[in-house]
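Report on the following structure.
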Amino acid sequence: MPMVTHGICGKISLSRPAIQIENLSHSFAGKSVFSSFSYTLKNDELSVISGDNGCGKTTLFKILATLITPQSGLVEVAGHCVRRDPRLVRQQISCAFVNTRGLFPNLTVLENLELHARMYGLDA
């Protein structure tokens, strides 16, 4: 399971936690990645997610970004459920591409950004 550490950062004017996770469970091919994992990130906090390879860091971020659906438990971003309101979640987050697999080399930078914005239901 990933280790989560956090500190204080600038305040964001949201009445709900930035991230609320309750009893998240998820597995791949019968191997448990999370088992009843719970965590709350307040709006004025900054967190660091760290851990060994295979501990669930990428899976957690994919769930938070609505790229995969959690198998059980509640996951909310800015008060929006990743399962029920994925479009609203995507409007609240920013994701950076860490490799080029998600980019199209025949498009300009602006065209790539506009394409991904439209895929997430955002106004390009």
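Report the local net charge at Glu76: Lys and Arg +1, Asp and Glu -1, summed over other residues whose C-beta lies under 11 Å from its C-beta.
Charge balance in the 11 Å sphere: +1.
Within the stretch 34-124, what whole-number % of the accessible surface is contributed by carbon and sulfur, with the 1.4 Å probe and all protein chains included in the calculation? Could the numbers behind the result be given before it?
On the way: 3190 of 5800 Å².
For the stretch 34-124, the apolar C and S fraction of the accessible surface comes to 55 percent.
Taking only protein heavy atoms and a 1.4 Å probe, what accessible area per residue, in Å², does the stretch 22-124 have with all protein chains in place? Show your work: numbers first, answer last.
Values: 6580 Å² over 103 residues.
The answer is 64 Å² per residue.
The values are calculated or read from the model by the stated rules, or taken from the named source; none is laboratory data. This is a predicted model, so every value here is computed, not measured. A quick note on method: Cβ atoms are made from the backbone with ideal geometry, for glycine too, and the neighbour counts reach across all protein chains shown. For accessibility, only protein heavy atoms count, side chains too; no ligands or nucleic acids. Shrake-Rupley method; radii C 1.70, N 1.55, O 1.52, S 1.80 Å.
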